[in-house]
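Please treat every number below as a calculation from the coordinates, not as lab data. Bear in mind the structure is a predicted one, so any value in this text is a computation, not a measurement. Virtual Cβ from ideal backbone geometry, glycine too; neighbours counted across all protein chains shown.
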Amino acid sequence: MPYTLKTLADKLELAYSGNADAPLDHICAIESLDDGGVAFINNPAELSNLPTPTGVFDSRQKNISQISTEAGGAIIVPEATSHPTLNLILSDDPLQHHIKATSLLYHPPERSGSIHPDASVGKNVIIGKNVTIDARAVIYDNVTIGDQTVIRAGAVIMPGTTIGSDTLIYPNVTIRENCQVGNQVIIHAGAVVGADGFGFYQREGVNLKIPQTGIVIIKDNVEIGAGSTIDRARFHQTVIGNGCKLDNLIHVAHNVQIGDHALIAAQSGIAGSTSTGSHLMMGGQSGIRDNLKIGNNVTLFARTLITSRTSDGETVAGMPSRPIKVWRKAQALINSLDRLVERVKRLEKRE
Amino acid sequence: MPYTLKTLADKLELAYSGNADAPLDHICAIESLDDGGVAFINNPAELSNLPTPTGVFDSRQKNISQISTEAGGAIIVPEATSHPTLNLILSDDPLQHHIKATSLLYHPPERSGSIHPDASVGKNVIIGKNVTIDARAVIYDNVTIGDQTVIRAGAVIMPGTTIGSDTLIYPNVTIRENCQVGNQVIIHAGAVVGADGFGFYQREGVNLKIPQTGIVIIKDNVEIGAGSTIDRARFHQTVIGNGCKLDNLIHVAHNVQIGDHALIAAQSGIAGSTSTGSHLMMGGQSGIRDNLKIGNNVTLFARTLITSRTSDGETVAGMPSRPIKVWRKAQALINSLDRLVERVKRLEKRE
Amino acid sequence: MPYTLKTLADKLELAYSGNADAPLDHICAIESLDDGGVAFINNPAELSNLPTPTGVFDSRQKNISQISTEAGGAIIVPEATSHPTLNLILSDDPLQHHIKATSLLYHPPERSGSIHPDASVGKNVIIGKNVTIDARAVIYDNVTIGDQTVIRAGAVIMPGTTIGSDTLIYPNVTIRENCQVGNQVIIHAGAVVGADGFGFYQREGVNLKIPQTGIVIIKDNVEIGAGSTIDRARFHQTVIGNGCKLDNLIHVAHNVQIGDHALIAAQSGIAGSTSTGSHLMMGGQSGIRDNLKIGNNVTLFARTLITSRTSDGETVAGMPSRPIKVWRKAQALINSLDRLVERVKRLEKRE
């Protein structure tokens, strides 16, 4: 069902200006606005300061000056914005309204709402309403899957695991036995939930395995990136709190407890038994040592390694981690070390 | 088959004190000891210095002071320990006896000992006794699998590969052609063994592929973490020595040779053609450059990058790596650089 | 079809010296040259300066002095080389001719050129000539696959994706919807192409998802390592340029554009919306921050993190990245900091 400027604005319950009948059929970025596209800006100044088109986008792309209200797509803009030639939709939160427009104009892959005949489903599996299980997915015995949940091809859910409702498990994900995955969770392709924690003890120079008998609990609204690994606890639980978002290739060790609403960028890791408060933010390729307590609202600069207890609200950088200001000052001092050496040399010469 | 304090202690061939008839049906950590649980401590002092329960465990958890011998689980303790109200099992090695108790009380997912009808098995495949091959596993032609080995759902074993006995291959693992995996090996979900090494040469600014014709040999008692990648050799073999334990998301490049009994924490990597002695220990997110010889008993602090030959017994840190003491001193000097600058300023002022 | 020194040299259109009838049936490294083996050297000096055999190779290995022209394999050597007892093939480019010999003597796993009955293929799938699709691979609807392309077991191709000709997709790879993969591309086991980019916005302390509606374009002759993840764009495209070679466990974020002919070593990452020129070289465990423009021919030392715009031809190291000379000098100054402190102490004492 295609939209026009008027019907889309109406659906979003927003005012608009321009050609009410302009057809709108896809979303796009402002720097590549084209016929039928719906873009957005957060700041009116972005309209006059658009990046030069780079040619990497498709051939329908036009310079913004070429776009008229006749057929030129539309821009969701802050309410104060006006423009003589562009179709505008006026919003108090353009980003959020653009995301609503996306849900109307963008169509992700279909969910069949049924179990593909090539799926393999074990015994005593409880499956909710409208569940999609694609070809070659494997559901072992005693698994529970909530309503509207989607299990894509090649995903494997081992015995005794429970998955909530409206959850999306991408291809080739593995979820090991007895884990608990919440509602509205997204687990991206190739991720592994519930592998054994890294636990060994030595006797006479030989590493012997410590059984990892706990589970992983992934709470609601969590997103786990492609190829990330969340290990099961030695005892009890590894916990990923509500609303946590983990990027790709992240490692979460056994018995870690991540508080709600963390944002963890790619290739970061948290070592065993560390617990964090809420709203942790980890830059890319960062890490936290084992057995630490980390406060609320702690932020790690990219490539930081936290090696000691860190309090509420701290922003840290470096390895070992220091408050960001201390780290920045140390970097500046290192960069001017050659001059310090010169100054000492001069002092040594005078007498 | 449930145990009591007496029957468990008898099975472990250990003495006990407390209520001989206390039922025991699961293992747990000391800080969450509950009815029926079996915990352990390595040091008698841990009994009087227990962490405060955090509430993250299940509702059966009690404060240790509430636990009586009547029904309060049991603790495997060092032989000298005594306690007025707790059920104790007296051991010369509590950790090891707790692990034995685990094998009695904890039940990992079933091994069917048979080939699932939804598995895909090629030609000339030699399969030992009591082998488990789960749904959607794919065994290509000319593969050999030893007795009691388990291949979980979605694992793929390519042609000509040999897997030993009592080995456990988790879901969605890939093992490429002609590799050799030993006995009692565990390979966790999503790991990749035998992908092409990263070998290219340039002609006129274009990268051309160098075929990677060797294999990977994984010796006995090795454990490979989830999502880890062990590349095949350019020629001959990449070797993971006996008893090596690799955590998640580890990269081992082509022609690497890791000596026996290494412990390598998550997200670490070893570059091409490097060989190591035995008992290598790598902290998380650490690395070793290519073409190096590393001695026995070398230890890397987390986030270390070894860039030069390292001798037996060295413990190193930093990038580039230095002996740990040198690195610690350099960190302290960097942290006091601002004071050094002040001292030079004062010297410049006096005359 | 086995070769002799004469027939192999003829096939390579090269001259030879030694026993024309020596049988040749496999390739090998010079340090493990054995009967029937074909090795190479780039420099005549390598013949007199061979590494001592290490015993890690198979028992057919001989010391080079034991090898005679009678049955001792052959070495592809630079044209000026001569040797009294070895079989030689004379080449103006020994590496390249050895690779040609590899294509004659080394046999990778068979390509059936057909669709395995255990594969799962959706509707409206367009499949070229001689395409191989192995057991348990899943091709969703509306996928296009070019001639001679190979899809190995357990690989999953989601709807609307196009894959070119002569491309090789290894087991358990996932390629998400609507992506475009070129010709002669190799994607190693467990890699994920087109997972959602890491995009969220906060409202009242809660992370909300920004839909990732773009795609990934992988151009021709690209190789993607095992377990690597290439995220789809928020809008439009993430692009991996022609001839780029990515090692294992690499992360490429949404909207990144990598120029042609990059070489990126294992466990490196590039953050969102960064674009690079051609011939980028990234050492292992390195990274580039988001939203940067990186020039042509930029080289990152291992473990470097680029945090600012970097111009054509720069070689950088450290975190934050600096020109390699600056970084090396800073490292040297840090290593001699204790002596600087001593010098300042002496200055303070004299008066």
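Scanning residues 5 or more positions from B:I76 or on other chains, those with amide H under 5 Å from its amide H are B:A39, B:F40, B:I41, B:I89, with H placed 1.01 Å from N in the peptide plane. Each copy carries a label point for C:N130 at 7 Å from Cα toward Cβ; from one copy, the others' points are 4.8, 4.8 nm away, ordered from shortest.
When the listed pairs B:K349/C:K329; B:K209/C:K100; A:K325/B:K349; A:K349/B:K345 are checked against a 22 Å cut-off, the alpha-carbon distance exceeds it for B:K349/C:K329; A:K325/B:K349.
Computed extension length for B:K123-B:R328: 68.0 nm, one decimal, from 0.36 nm per residue of separation with the Cα-Cα distance subtracted. With all distinct Cα pairs included, what does the Kirkwood hydrodynamic radius of region B:312-351 come out to in Å, to one decimal, could you say? The Cα-based Kirkwood calculation yields 11.9 Å. With its label point defined 7 Å out from Cα along the Cα-to-Cβ axis, A:R350 lies at 1.3, 1.3 nm from the matching points of the other copies, in increasing order. Largest GNM mean-square fluctuation across B:R152, B:R328, B:R232, computed for chain B with C-alpha springs under 10 Å, falls on B:R328.
Label-to-label distances for B:S112 across copies, nearest first, come out at 2.1, 2.1 nm, using points 7 Å from Cα in the beta-carbon direction.
Rounded to the nearest 5, the antiparallel percentage of DSSP beta bridges internal to region B:197-317 is 10%.
Computed over all pairs of different Cα atoms, the Kirkwood value for the hydrodynamic radius of the protein assembly as shown is 30.9 Å. When chain A is treated as a Gaussian network with alpha carbon springs shorter than 10 Å, the biggest mean-square fluctuation among A:A317, A:A29, A:A262 belongs to A:A29. In order along region C:156-167, the phi-based Karplus estimate (6.51 cos²θ - 1.76 cosθ + 1.60, θ = phi - 60°) of 3J(HN,Hα) comes to 10, 10, 7, x, x, 7, 10, 10, x, 9, 6, 9 Hz; Gly and Pro are listed as x.
When you restrict to C-alpha pairs under 8 Å that are six or more residues apart and normalise by the size of region A:215-351, the relative contact order lands at 13 percent. Among B:C179, B:C28, B:C244, the residue with the largest mean-square fluctuation in a Gaussian network model of chain B, with springs joining Cα atoms closer than 10 Å, is B:C28. Taking every DSSP helix (H) stretch of at least 4 residues in chain B, weighting each as -39,500 (n - 2.57) and dividing the sum by the residue count yields a mean residue ellipticity at 222 nm of -4000 deg cm²/dmol. Simple spin-label estimate for A:K345 and B:S103 gives 6.7 nm between the two label positions (7 Å along the Cα-to-Cβ direction from each Cα). Computed on chain C, with alpha-carbon pairs under 8 angstrom and 6+ residues apart, the relative contact order is 7 percent.
Between the amide H of A:V121 and those of A:I139, distances stay under 5 Å, these residues lying 5 or more places away or on another chain, with hydrogens modeled in the peptide plane.
Annotation: the antiparallel percentage among DSSP beta bridges lying fully within region C:120-327 is about 10.
Relative contact order of region B:120-327, taken over Cα pairs closer than 8 Å and 6 or more residues apart, is 10 percent.
Residue-wise HN-Hα couplings along region C:293-305, as the Karplus relation 6.51 cos²θ - 1.76 cosθ + 1.60 with θ = phi - 60° gives them from phi, are 9, 10, x, 7, 6, 8, 10, 10, 4, 3, 6, 7, 10 Hz; Gly and Pro carry x. Peptide A:159-170 has a mean of 1 when you count, residue by residue, the C-beta atoms of other protein chains within 10 Å of its C-beta.
Looking at chain A, the DSSP beta bridges with both ends there are about 15 percent antiparallel.
At q = 0.09 Å⁻¹, what is the base-10 log of I(q)/I(0) for region C:245-351 according to the Debye formula with one equal point scatterer per Cα and no solvent? Please give it to two decimals. With no solvent term, the Cα-only Debye profile gives -0.30.
Counting only other chain Cβ atoms within 10 Å of each residue's Cβ, the peptide B:72-80 averages 0. Inter-chain neighbour count for B:278-286: the average number of beta-carbon atoms from partner chains within 10 Å of each residue's beta-carbon is 4.
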